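Below you'll find the structure, written out as structure tokens, and then a few comments.
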Amino acid sequence: MFIRMIGVFEVRDEAGQDRTPRGAKARALLALLARTPGHCRPRRWLEARLWSDRGQEQASGSLRQALTELRKALGPLADRLTSDRDCVALTGFGTDLSDMAGAREALARGREFLEGIDILDPGFNLWLVEERQRVAVELAEPRPPLPFALRLADLPEGTEAAIARDLAAAIARLAAEYLLGDGARGLTGDRLPGGLDLQVEGAWSEDRAYLKVRLVDPVQQKTLWSQRLVASRVLDGRGDLPPVVFEATEAQLM
């Protein structure tokens, strides 16, 4: 069984015969189940989305009528729709959303998710708005990674290579945590065509570095984020150097 959800809603069997129910709420019921992870919902949940303006007994009766209409429309496929006293489930079907390229093309041509299913129920309309947003996110083309440049001024004379490597790795982790976190949401290639620069400045002593790290838009020379930190190394009893330890950091979005 195939369910088309982008554009005009329709249901077809394996032979291509149209099995679309005529009633808007029967169609909506199929859509609600098809878009549910696991494709099973409690009866009360479905009633709250399609008959939220009715009392419990009346809503339950309306759901039973919709299920009867659906089974009649599905004909030999009626066994794909199962129900008990608590839940309703849908099995053995596929949708056009599985073909992401085709679904993206349909959206690009101006088609919408669940076109023509007009139901005057606030519960369903809220679900429809949220689901259209969710589908748009699912079908969005993945953005290419932002270009990233790491630029450090010359380290002081006598700096050991191991210390420089550890410091660079720690700073890279720091920047990556920001780029992958909430602070960088909304930063796109369109807004930052020149990529991002990671700039580090500060002072260095034998066992301690006082640093300021900045993420900079190199085109506008605008600081997007900065953090001050202290990195320290302390000799242990054997004279070995432990990993860099960061002290008292504070992030700031500019």
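None of the figures in this text is laboratory data; all of them are computed from the coordinates on show. Quick caveat, the model's predicted, so the values are computed rather than measured. No Cβ is skipped: glycine too gets one built from the backbone with ideal geometry, and neighbour counts run over all protein chains shown.
General observations
- Estimated distance in nm for a label pair at Asp79 and Asn125, the labels positioned 7 Å out from Cα along Cα-to-Cβ: 4.1 nm
- Met5, Met100 arranged by Cβ crowding within 10 Å, fewest neighbours leading: Met100, Met5
- The spacing between region 1-62 and region 65-104, judged by their C-alpha centroids, is 7 Å.
- Summing charges over neighbours of Arg43, with a neighbour being any other residue whose Cβ is under 10 Å away from its Cβ, gives +1 when K and R count +1 and D and E count -1.
- The share of C-alpha pairs in region 1-81 whose separation exceeds 15 Å stands at 56 percent.
- In this label model, Glu138 and Glu10 are separated by 2.1 nm, measuring between points 7 Å along each Cα→Cβ vector.
- Only Lys, Arg, Asp and Glu carry charge here, each on its Cβ (+1 for the first two, -1 for the last two); on that basis region 2-139 has a dipole of about 200 debye about its Cα centre.
- Peptides 37-44, 74-81, ordered by how many other C-beta atoms sit within 10 Å of their residues on average, highest first, read 74-81, 37-44.
- Computed E for Gln220/Arg64 - FRET, C-beta separation, R0 51 angstrom, nearest 0.05: 0.25
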